[in-house]
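To start, the structure under review is shown below, and the notes come after it.
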Amino acid sequence: MANLKTLDVFFSLNSFQEEELRDKAVVVIDVLRASSTIVTALMNGAKAIIPVSDMGEASKIAQNVDSENYLLCGEKDGIKIEGYDLGNSPREYTPEVVGGKKLIFNTTNGTKAIKKSIGSSNLYIASFLNVNAILKALKEETKDIVLICAGWKGRLAFEDMLLAGNIIHLLSDGELPDSSRDGAKVAFGLYDKYGDDVTSVVHQSNHAARLNELEATDDIDYCCQIDITDVIPRLKEGMITLKNG
Ligand code: MLT
């Protein structure tokens, strides 16, 4: 961690201003499910993901591209949007479906958090699925690091803070640096308390309850798998592609 200056965590997409990210390395986290879906899509051969803030932006882009090479994807309140090719279950994003495609991706919180973070100096997407790959990318960073939890409609989401805490633990070898900001301290403490059993505590979260109601319980188990891939999704010129691709 020799290069690390400060480490901070914002608990939802409403908890920061765009200007605060200037000249920072940023990691956006939406464990359930947008960041897990992005990681899965790239792992399974999607060429790029275009994050959008809302349905209007998604349809504007969709109208101007060749529909053979693009898929319109995402959800509103967890439910697939009518007329879209895919919803937001990472398990839909198989190699057969997404291989070679560009995805226009619109979700309730995750893609909004990404769009709001666009002015940062480097922007990565993290999930439990690729946590060590993200750690590797962050270790090469010389900028201050901000982890942005997408949360749910301005509120904190337990699973996002838990992953933020996991990343901080790994970055700091279990010893929180003095330069850590309050958000980093809270996430670190949360992971200290609950990090031993990620799957069972995430199953008890508010968003897990929402997904259970939508019969998407299997997505929770999927998103709690640790390090199934080494993909590093990075935003460049408005598109998320593989840093290590
Ligand atoms: C979001 O962006 O809020 C989520 O990914 C919601 C979901 O679980 O689909």
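Bear in mind that the values in this text are calculations on the coordinates, not laboratory data. These numbers were taken from a predicted model, which means no experiment stands behind them. Here the Cβ positions follow ideal geometry from the backbone for every residue, glycine too, while neighbour counts run over all protein chains shown.
Pick out, from Cys73, Ile114, Ser35, the residue whose Cα sits farthest towards the positive end of the charge dipole of the chain, with +1 on the Cβ of Lys and Arg and -1 on the Cβ of Asp and Glu.
After comparing all options, I get Ile114.
Distance check, please: which entries in Lys24/Lys115; Lys76/Lys236; Lys112/Lys143; Lys24/Lys185; Lys101/Lys236; Lys5/Lys136 exceed 21 angstrom between their Cα atoms? Don't skip to the end; give the middle numbers.
Details: Lys24/Lys115 15 Å; Lys76/Lys236 25 Å; Lys112/Lys143 23 Å; Lys24/Lys185 18 Å; Lys101/Lys236 17 Å; Lys5/Lys136 17 Å.
In this structure, Lys76/Lys236; Lys112/Lys143 lie more than 21 Å apart at Cα.
Name the residue from Ala184, Ala150, Asn132 whose Cα lies farthest towards the positive end of the charge dipole of region 86-196, charges +1 on Cβ of Lys and Arg and -1 on Cβ of Asp and Glu.
Positive-end residue among those listed: Ala150.
Could you work out how far apart the two model spin labels at Asn206 and Glu20 are, taking each label as a point 7 Å from the Cα in the direction of the beta carbon, and quote it in nm?
1.8
Quick one: dipole size for the chain, taken about the Cα centre, charges +1 on Lys/Arg Cβ and -1 on Asp/Glu Cβ, in debye to the nearest 20.
So the dipole magnitude of the chain works out to roughly 600 debye.
How many angstrom separate the Cα center of region 132-180 from the Cα center of region 1-74?
Result: 16 Å between the Cα centres.
Counting other C-beta atoms within 10 Å, which of Glu57, Glu18, Glu159 has the fewest, and how do the rest follow?
Glu18, Glu57, Glu159
Residues in region 190-205, backbone N under 19 Å from the label point at Asp221 (7 Å along the Cα-to-beta-carbon vector): list them, ranges by number please.
Taking a point 7 Å out along Cα→Cβ of Asp221, the residues of region 190-205 whose backbone N falls under 19 Å are 197-205.
Can you give me the Cα centroid spacing of region 88-124 and region 210-236 in angstrom?
If you average the Cα positions of each part, the centres end up 12 Å apart.
With only alpha-carbon pairs counted, each pair once and no self-pairs, how large is the Kirkwood hydrodynamic radius of region 19-111 in angstroms?
When all Cα pairs of region 19-111 are included, the Kirkwood radius is 13.4 Å.
May I ask you to derive the relative contact order of region 157-245, considering only C-alpha pairs under 8 Å and at least 6 residues apart, and to give it as an integer percent? List each step's numbers first, then the result.
Values: 72 pairs, mean separation 20.3, N = 89.
Relative contact order of region 157-245: 23 percent.
Starting with the fewest neighbours, write out Val39, Val97, Val198 ranked by other beta-carbon atoms found within 10 Å of each beta-carbon.
With the sparsest Cβ surroundings first, the list reads Val97, Val198, Val39.
Given C-alpha coordinates of region 4-235, what is the ratio Rg to Rh with the Kirkwood estimate of Rh?
0.95
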